[in-house]
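Colleague: Take a look at the following structure, please.
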Amino acid sequence: MRDNGLEYDFIGEFSNGGLAAICGKSKKWGLINSSGEEVLPCVYDNVWCLPEFFTLEKNGKLGLANAQGKIILPCEYGDIVGDEGAGLEPLFRAKKGEKWGVVDKDGTFLAPFEFDEISEVGQDFIIAAKGERWGIANKRGEAPGGFCYSSASLVGRGGLFKVSKDGEFLLVDINGEAKLPAGYYIDYFWDGFAAVQKGGSARPVIGGKWGYVNSRGELVIPCKYDGAEWFCEGLAKVKKDGRELFINQNDEVAFYCKFDETRDFCRGLAAARDGEKWGFIDKNGEAMISFKFDEVGEVWYRGKFCRARIGEKWGVIDKNGEAMIPFKFDEVGIPGKNGLTVVREGEKYAIAGKDGITVPFEYDFLDECEDGVFIAQKDEKYGLISSTGDILAPLDFDDIDIFEDGLAKAEKDGKVGFLDVNGRVAIPFKYCWASAFKGGIASAQKEDKWYIVDKNGKTVAPK
């Protein structure tokens with residue numbers, strides 16, 4: 001029976017929109033859908049997949065296609081940079097000739113190609129340069145405050161920009177109106193506030209006093225402190241008259257520091273050091289977890305777990321200071337939803353919980369790849385085990401990837417197949433290459449033919 005696979009040199013992983021990049025026998029690239037139909041013909045020199053778009057290259061120029069494969073920018077541009085994280089709608093910086101402009105997700109030109117550089121694009125602003133001078137422009141490319149700054153950057157979420165002009169730093173709005181006068185050093189915004197130092201500018205000055213501005217550029221805490229750190233969870237550590245204290249956003253004293261070192265708050269607690277030992281304090285400065293640790297982490301994972309060390313051994317504590325993972329190990333991971341995690345002693349790995357070891361130290365590597373399912377390695381072979389050590393998939397695979405879309409790609413004897421979370425073979429090992437699954441489909445190669453398959457291993461294309 002003749003094998004009527006798709007005749008391409010390569011089919012990539014499918015995007016969220018159900019399209020994949022293809023490389024034809026002509027060595028040119030295009031796009032294909034899940035039915036095996038070419039959405040864009042193989043006429044491009046390269047195709048790159050972005051989260052919701054595709055960048056196209058042809059004859060040294062770049063273009064753009066949307067998630068459905070529709071061309072929104074022809075291949076006429078020297079560079080295209082996506083700013084999908086800048087706001088609710090994705091925007092793009094595009095370079096044509098020597099100038100930059102801005103287009104939206106539909107390919108509509110917002111700002112003309114008249115800028116020498118664009119550093120950042122938001123929903124209502126463009127930070128751009130003409131020559132060596134920067135300005136804050138609206139989406140039409142108009143800069144009410146002019147192009148008069150040596151540098152410019154967005155700060156916080158209140159529509160303010162930190163700019164430098166004539167050796168001074170200012171906080172201005174999109175119209176160029178100064179919200180904080182010259183003569184201040186402006187630190188980073190965090191938690192809606194930025195520490196500022198009166199008398200500083202490009203850098204802090206020795207002996208200068210510190211205060212805070214809010215996201216509207218208002219000096220809400222006067223410059224009276226000898227040192228100031230950023231706000232975190234509503235509190236900031238400051239220094240005054242040789243003492244460290246925490247204040248709230250109303251400039252009220254929360255507590256004076258009575259320990260040798262205090263870190264930022266995370267999930268309501270802050271790590272603190274008393275002599276050589278670490279513990280945790282609450283937002284009143286009172287000890288909540290006793291000072292008995294030689295080292296502690298700064299992050300409470302899942303809101304309730306923190307790694308800590310006693311002597312040379314690591315464990316995991318909860319927010320009551322109770323040992324969720326005992327202090328017996330050279331290395332500990334972070335407990336999953338079931339309270340179990342990977343631990344290491346020497347060169348061997350095991351799984352442990354509050355009550356001790358659930359899987360013995362017999363593996364060369366362990367990694368939780370799905371809730372309660374672990375990739376295990378022993379003697380250069382891989383398999384899947386449960387959190388109690390049950391063998392879900394025997395350790396006779398050459399490689400196993402993480403689970404994506406409910407299936408894990410695995411390799412055995414030079415062939416690729418897929419395993420489900422129970423360790424069963426969901427798709428037989430008959431392919432020489434396959435992409436990860438996304439949206440219920442994957443591309444797979446067998447000999448010199450390509451196929452689009454579903455999670456049951458059924459060939460979706462070709463029909």
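The values are calculated or read from the model by the stated rules, or taken from the named source; none is laboratory data. Here the structure is a predicted model, which means the values were calculated and not measured. All Cβ positions, glycine included, derive from the backbone under ideal geometry; neighbour counts span all protein chains shown. What goes into the accessible areas is simple: the full protein's heavy atoms, side chains included, and nothing from ligands, DNA or RNA. Shrake-Rupley method; radii C 1.70, N 1.55, O 1.52, S 1.80 Å.
Colleague: Quick check on my filter: what residues within segment 338-360 are assigned to a loop (DSSP other than H, G, I, E, B) and out of contact with any Gly (no Cβ under 8 Å at 6 or more places or on another chain)? Break it down into steps so the answer makes sense when it comes.
Modeller: Filtering segment 338-360 down to residues assigned to a loop (DSSP other than H, G, I, E, B) leaves 338-340, 346-347, 354-355.
The answer is Gly346, Glu347, Asp355.
Colleague: Being at pLDDT below 95 and open to solvent by 30 Å² or more (accessible area, probe 1.4 Å) is the filter; apply it to segment 329-355 and report the residue that is farthest from the chain's Cα centre (by Cα).
Modeller: Across segment 329-355, the extreme among qualifying residues is Asp355.
Colleague: Spot the failing condition for Leu160; the list is (1) under 29 Å from the mean Cα position of the chain (by Cα); (2) open to solvent by 30 Å² or more (accessible area, probe 1.4 Å); (3) not polar (S, T, N, Q), and only one is missed.
Modeller: Of (1) under 29 Å from the mean Cα position of the chain (by Cα); (2) open to solvent by 30 Å² or more (accessible area, probe 1.4 Å); (3) not polar (S, T, N, Q), only one is false for Leu160: (2).
Colleague: Could you list, in sequence order, the residues of segment 40-77 that are open to solvent by 50 Å² or more (accessible area, probe 1.4 Å), assigned to a strand (DSSP E or B) and either polar (S, T, N, Q) or closer than 24 Å to Tyr451 by Cα (or both)?
Modeller: Listed by number, the residues that qualify are Pro41, Val43, Trp48, Cys49.
Colleague: Turning to a different aspect of this structure: What do you reckon, is Gly383 farther than 21 Å from Asn422 by Cα and either in contact with a His (Cβ under 6 Å, 6 or more places away or on another chain) or open to solvent by less than 20 Å² (accessible area, probe 1.4 Å) (or both)? Steps first, answer last, please.
Modeller: Details: farther than 21 Å from Asn422 by Cα: no; either in contact with a His (Cβ under 6 Å, 6 or more places away or on another chain) or open to solvent by less than 20 Å² (accessible area, probe 1.4 Å) (or both): yes.
No, not satisfied.
Colleague: Restricting the search to segment 361-390, which residues are part of a strand (DSSP E or B) and closer than 20 Å to Lys337 by Cα? Spell out how you get there, then give the answer.
Modeller: In the first step, residues of segment 361-390 are kept if they are part of a strand (DSSP E or B); the result is 361-363, 365-370, 373-378, 381-386.
Leu366, Asp367, Glu368, Cys369, Glu370, Val373, Phe374, Ile375, Ala376, Leu384, Ile385, Ser386, listed by residue number.
Colleague: Another question, if that's okay. With respect to Glu286, determine if the residue is within 30 Å of Ala195 (Cα to Cα), without any contact (Cβ under 8 Å) to a residue 60 or more places away in the chain and open to solvent by 70 Å² or more (accessible area, probe 1.4 Å).
Modeller: On the way: within 30 Å of Ala195 (Cα to Cα): yes; without any contact (Cβ under 8 Å) to a residue 60 or more places away in the chain: yes; open to solvent by 70 Å² or more (accessible area, probe 1.4 Å): yes.
Yes; evaluated as a whole, the condition is true for this residue.
Yes or no, residue by residue, for (1) out of contact with any Gly (no Cβ under 6 Å at 6 or more places or on another chain); (2) in contact (Cβ under 8 Å) with a residue 24 or more places away in the chain; (3) among the hydrophobic types (A, V, I, L, M, F, W, C):
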site	(1), (2), (3)
Gly141	yes, yes, no
Leu154	yes, yes, yes
Lys162	yes, yes, no
Asp166	yes, no, no
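Colleague: Same structure again: Show the residue pairs that are 6+ apart or on different chains and have beta-carbon atoms under 9 Å apart, the first residue being within segment 106-127 and without any contact (Cβ under 8 Å) to a residue 12 or more places away in the chain and within 16 Å of Lys96 (Cβ to Cβ), the second being open to solvent by less than 60 Å² (accessible area, probe 1.4 Å) and assigned to a strand (DSSP E or B).
Modeller: Partner pairs satisfying both residue conditions: Thr108/Ile72; Phe109/Ala94; Phe109/Gly101; Phe109/Val102; Phe109/Val103.
Colleague: Restricting segment 37-71 to residues that are among the small types (Gly, Ala, Ser) and modelled with pLDDT of 95 or more, which is farthest from Asp104 (Cα to Cα)?
Modeller: The initial filter retains those residues of segment 37-71 that are among the small types (Gly, Ala, Ser), namely 60, 63, 65, 67, 69.
Checking which are modelled with pLDDT of 95 or more leaves us with 60, 63, 65, 69.
Numbers: Gly60: 23, Gly63: 13, Ala65: 12, Gly69: 16 Å.
Taking the candidates together, the pick is Gly60.
Colleague: Return the total of residues in segment 163-194 being within 20 Å of Ala137 (Cβ to Cβ), open to solvent by less than 40 Å² (accessible area, probe 1.4 Å), modelled with pLDDT of 90 or more and not small (Gly, Ala, Ser).
Modeller: Of the residues in that region, 4 qualify.
Colleague: Another question, if that's okay. Pairs please, first residue from segment 352-379 and farther than 23 Å from Asp420 by Cα, second anywhere and part of a strand (DSSP E or B) and basic (Lys, Arg), Cβ atoms under 6 Å, 6+ apart in sequence or on different chains.
Modeller: Within 6 Å, the pairs are Phe361/Lys348.
Colleague: Being over 27 Å from the mean Cα position of the chain (by Cα), among the small types (Gly, Ala, Ser) and more than 21 Å from Ser119 (Cα to Cα) is the filter here; which residues of segment 44-80 pass it?
Modeller: Hit for segment 44-80 is Gly60, nothing else.
Colleague: Further, regarding this structure: Filter segment 1-23 down to residues that are in a loop (DSSP other than H, G, I, E, B) and closer than 23 Å to Ile80 by Cβ and give me whichever is most open to solvent (accessible area, probe 1.4 Å). Reasoning before the result, please.
Modeller: So the first thing to find is which residues in segment 1-23 are in a loop (DSSP other than H, G, I, E, B), and the list is 1-5, 7-9, 12-18.
Still in the running and closer than 23 Å to Ile80 by Cβ: 12-18.
Numbers: Gly12: 7, Glu13: 72, Phe14: 3, Ser15: 11, Asn16: 105, Gly17: 45, Gly18: 19 Å².
So the residue we want is Asn16.
Colleague: Taking segment 275-319, which residues are of a type in the set (Lys, Arg), assigned to a loop (DSSP other than H, G, I, E, B) and more than 24 Å from the chain's Cα centre (by Cα)? Lay out the reasoning, then the answer.
Modeller: Taking segment 275-319 first, the residues of a type in the set (Lys, Arg) are 277, 283, 292, 302, 304, 307, 309, 313, 319.
Still in the running and assigned to a loop (DSSP other than H, G, I, E, B): 283, 302, 304, 319.
Listed by number, the residues that qualify are Lys283, Lys319.
Colleague: Looking only at residues in segment 403-438 that are farther than 19 Å from Phe10 by Cβ, in contact with an Asp or Glu (Cβ under 8 Å, 6 or more places away or on another chain) and touching a residue at least 40 places away in the same chain (Cβ under 8 Å), which one is surrounded by the fewest Cβ atoms within 10 Å (Cβ to Cβ)?
Modeller: Once the filter is applied, the top-ranked residue is Gly406.
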